[in-house]
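The values are calculated or read from the model by the stated rules, or taken from the named source; none is laboratory data. This structure is a prediction, so every number in the text was calculated from the model and none was measured. Glycine gets a Cβ as well: all are built from the backbone with ideal geometry, and neighbour counts include every protein chain shown.
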Amino acid sequence: MNTLYILLAMLAILAVWFGFNYWRLKQAATVLDNAEFAEKIFTGQLIDLRDPNDYRRKHIMGARNIPYEQLKQSLGALRKDKAVLLYENDRGQRVTRAALFLKKQGYNEIYILSYGLNAWDGKVKSN
């Protein structure tokens, strides 16, 4: 019986943790589908958070490659008065962490491509 209570408590803690992270992401960024994201590209700063090899293979037209690991050192390359559009292959941990970091640094207009490059149906550059 004690094992059941421990398991239920762990599940409750896990659910609260996921809910809290979901709420934090909603406070930091807006997740957009392909059409909405495509509209924002022309007025925003499109950032590919993947590593340079993946970027060279294929990326959304107009994107700049700032790998997540280099984001802190590259803040000077981003303007706070323009929207920041983030993507990676899927909507994974990099975009979430990048959005939370950018929000903390004072960026207010942050958008994430809903299902990442793998689901992107717009123009891409590939080698």
Answer yes or no as to whether R94 is assigned to a helix (DSSP H, G or I), within 25 Å of N127 (Cα to Cα) and within 13 Å of the chain's Cα centre (by Cα).
yes
Any idea which residue in the stretch 98-117 is farthest from A29 (Cα to Cα), counting only those that are among the polar types (S, T, N, Q) and at pLDDT below 95?
S114
Here is a check on your reading of the model: is S126 touching a residue at least 12 places away in the same chain (Cβ under 8 Å), over 12 Å from I47 (Cα atoms) and within 10 Å of the chain's Cα centre (by Cα)?
no
State all residues of the stretch 78-97 that are at pLDDT 95 or above and either of a type in the set (S, T, Y) or surrounded by fewer than 20 Cβ atoms within 10 Å (Cβ to Cβ) (or both); if no residue qualifies, say none.
L78, R79, K80, D81, K82, A83, Y87
Counting only residues that are crowded, with 17+ Cβ neighbours inside 10 Å and touching a Leu at 6+ places or on another chain (Cβ under 9 Å), the stretch 39-64 contains a total of 12
Single match in L100, L113 (criterion: surrounded by 15 or more Cβ atoms within 10 Å (Cβ to Cβ) and under 13 Å from A35 (Cα atoms)):
L113
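Let's see how each residue does on (1) part of a helix (DSSP H, G or I); (2) in contact with a Lys or Arg (Cβ under 9 Å, 6 or more places away or on another chain); (3) touching a residue at least 60 places away in the same chain (Cβ under 8 Å); (4) hydroxyl-bearing (S, T, Y):
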site	(1), (2), (3), (4)
L14	yes, no, no, no
F18	yes, no, no, no
W23	yes, no, no, no
F37	yes, no, yes, no
K40	yes, no, yes, no
L46	no, yes, no, no
D81	no, no, no, no
G76 farther than 26 Å from Y22 by Cα, outside any helix (DSSP H, G or I) and of a type in the set (G, A, S):
no
Run S74 past the list (1) hydroxyl-bearing (S, T, Y); (2) over 22 Å from E36 (Cα atoms); (3) in contact (Cβ under 8 Å) with a residue 24 or more places away in the chain and report the number of the one that doesn't hold.
(3)
